[in-house]
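Structure first, commentary second.
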Amino acid sequence: MARAAGIGVVLALGLTLGVAHAASAQTANQTPPASAPAPADYANKANWVCWPGATPNACDVDLATTVVKADGSMAVEPFHADPNAPIDCFYVYPTVSIDPGVLANLAVEPAEQRVVEQQFARFAASCRLYAPVYRQFTLTALVAMMQGHPLPMAGGVRPMTPYNDVRDAWNYYLAHENHGRGVVLIGHSQGSGMLTQLIKNEIDGKPTQALLVSAILMGTSLAVPAGADVGGDFKSAPLCHASSQLGCVIAYASFRETSPPPENSRFGKPRTPGPNLVAACVNPANLGGGSGELHSYFPAGAASIVPGGQTPQPWVVGKTVTTPFVSVPGLLTAQCATTNGFNYLAVHINADPASSRTSQIVGDVMFNGQIQKDWGLHLIDANLAMGNLVDIVRQEGAAWTAKAK
């Protein structure tokens, strides 16, 4: 897989459901496999990346952060989980597996551990954390498909296997852990696609919807009618406008303000067919609308959610960051924007050439050394707004508790 990573394995990350569609097309031209994979056993805690109290638990990681201010001064911000969080979070990770073949296995490997550290573990400050392993469509399969050599759908592979795993994990959680607690659904890329289907099939308009605190769907193009908050992909779950609003959805895909989605953009327009539908954009930095400051948490070093990610420049000239994460207050702001029919989260860098703090962020998708503008800042959709989202979930938990009382 090292060779594939070298030619741009990260390019595959944002195909939310594209490989599933490709797999469906392949199976239409091949003899169906003799048998489908056996259902995953989610009673076995080894099939969860994160589960409260489980050992090992990939969410139990060092999240200490160096806060780098505009003047270059630095201070360490410790992380504190809330052991009494009033609500739960259920997370489905993006395309990260480099397992061979079309589908990933059910092992918690470094790829799953890395993405949980980047995108989910910090929510422990606001909720209890649940994240199942699922047999996702792999980076390996996506790279092979893009190179014109798609992997065969053999050995019991079924296009619905990833979704079936997520659904089964959700149902196990509901039956054995939920006990009427509110739940925030969190996903990115392929994970957002799986949760979109889960909400459509299992939650939207059904009794379980009463448990939905919110859904955070990053790196996706959720369909809503133009000028409306509900409709399109979801029939009764509206877009969020306040952190006290329950049962709503935050969805966005991020691009640099200076590099809006091009005509071939993979995000910003819905895949769901229908008249007058647009891609939802809810700004985590300002749910009420308009611009807001992004409270970002970036990996301090070369760590990325997939192999091949860019390495950041020094955060401060002449200084070394020793914590796993960095926060850069005041550096980034964002607002939802529309360009050539694409709706997206436009990220603005408040550069200060006179400051010793960096005025650059990395997170672009690269292919053969070239930035792929059609992907935007897909690799850091979660990092960009992590602090905002954790705070929103904390406030939602308070609103859920007040409602229950």
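Which of the aspartates and glutamates could be linked to Lys235 by a straight reach, that is with a Cα gap under 13 Å, when you skip same-chain ones fewer than 8 residues away?
Hits, sequence-local ones excluded: Glu202, Asp204.
Step through the residues of segment 314-331 one at a time and calculate ³J(HN,Hα) from phi using the Karplus curve (6.51 cos²θ - 1.76 cosθ + 1.60, θ = phi - 60°), rounding each to whole Hz and writing x for Gly and Pro.
After applying 6.51 cos²θ - 1.76 cosθ + 1.60, I find x, 6, 9, 4, x, 10, 10, 8, 10, 8, x, 10, 10, 10, 10, x, x, 6 Hz.
Rank Ala226, Ala237, Ala141 by mean-square fluctuation in a GNM of the chain with C-alpha springs under 10 angstrom and give only the top-ranked residue.
Fluctuation is largest for Ala226.
List the relative contact order of the chain as a percent without decimals, with contacts defined as Cα pairs under 8 Å and 6+ residues apart.
Relative CO of the chain lands at 21 percent.
Given charges of +1 on the Cβ of Lys and Arg and -1 on the Cβ of Asp and Glu, with all other atoms neutral, how large is the dipole of segment 220-324 about its Cα centre, in debye to the nearest 20? Mind showing how you got there, number by number?
Working: 6 positive and 5 negative charges, 39 e Å.
With Lys and Arg at +1 and Asp and Glu at -1, about 180 debye.
Most fluctuating residue of Pro273, Pro56, Pro94 in a GNM of the chain with Cα springs under 10 Å: which is it?
Pro273
Among residues other than Pro312 whose Cβ falls under 15 Å from its Cβ, what is the net charge (Lys/Arg +1, Asp/Glu -1)?
Summing Lys and Arg as +1 and Asp and Glu as -1 gives +1.
Cα-Cα over 32 Å: which of Lys269/Lys319; Lys45/Lys206; Lys69/Lys405; Lys200/Lys405?
Violating the 32 Å limit, Cα to Cα: Lys269/Lys319; Lys69/Lys405.
Quick one, what does Rg over Rh come out to for segment 268-385 if you take C-alpha atoms and the Kirkwood Rh?
Taking Rg over the Kirkwood Rh, I get 1.00.
Given a Förster distance of 41 angstrom, what is the FRET efficiency for Ser259 paired with Thr55, based on the Cβ-Cβ distance and rounded to 0.05?
After rounding to 0.05, the efficiency reads 0.40.
Would you mind counting up the charge near Arg128? Only other residues with Cβ under 15 Å from its Cβ, with Lys and Arg at +1 and Asp and Glu at -1. Before the final figure, lay out each step's value.
Values: positive: Lys45, Arg122, Arg181, Arg394; negative: Asp60, Asp82, Asp88, Glu177, Glu396.
With Lys, Arg at +1 and Asp, Glu at -1, the net is -1.
Kirkwood Rh, the chain, all Cα pairs: how many Å?
21.4 Å
Using only alpha carbon positions, build the gyration tensor of segment 138-259, then give the equivalent ellipsoid semi-axes as the square roots of 5 times its eigenvalues, largest first, whole angstrom.
Three semi-axes, in Å: 28, 22, 12.
Starting from the exponent 0.38 and prefactor 2.2 Å, build the expected Rg for segment 62-181 from its residue count and divide its actual Cα Rg by it.
For segment 62-181, the normalised Cα radius of gyration comes out at 1.35.
For segment 38-96, with only Lys/Arg (+1) and Asp/Glu (-1) charged at the beta-carbon, what is the dipole magnitude about the Cα centre, in debye rounded to 20? Walk me through the intermediate numbers first.
On the way: 2 positive and 7 negative charges, 21 e Å.
Computed about the Cα centre, the dipole is about 100 debye.
Could you run the Karplus curve 6.51 cos²θ - 1.76 cosθ + 1.60 with θ = phi - 60° over segment 206-216 and give me ³J(HN,Hα) per residue in whole Hz, x for Gly and Pro?
10, x, 4, 4, 5, 8, 6, 6, 5, 10, 10
Would you work out the relative contact order for segment 315-405, in percent, from Cα pairs under 8 angstrom that are 6 or more residues apart?
Taking the mean separation of contacting Cα pairs over the length of segment 315-405, I get 17 percent.
With equal scatterers on the alpha carbons only and no solvent term, can you work out the Debye log10 of I(q)/I(0) for segment 319-405 at 0.13 1/Å?
Log10 I(q)/I(0), no solvent term: -0.64.
For the chain, with a Gaussian network of springs between Cα atoms less than 10 Å apart, report the residue from Ser259, Ser214, Ser192 with the top mean-square fluctuation.
The residue that fluctuates most here is Ser259.
Through the Karplus equation 6.51 cos²θ - 1.76 cosθ + 1.60, θ set to phi - 60°, convert the phi angles of segment 58-63 into ³J(HN,Hα) values in whole Hz; use x for Gly and Pro.
Coupling constants for segment 58-63: 5, 7, 8, 10, 7, 10 Hz.
Give me the dipole magnitude in Debye, nearest 20, for segment 83-239 about the Cα centre, with unit charges on the beta carbon: positive for Lys and Arg, negative for Asp and Glu.
Once rounded to the nearest 20, the dipole reads 140 debye.
Readers should treat all values here as calculations from the given coordinates under stated rules, not as data from a laboratory. The structure displayed is predicted, hence computed values, not measured ones. A quick note on method: Cβ atoms are made from the backbone with ideal geometry, for glycine too, and the neighbour counts reach across all protein chains shown.
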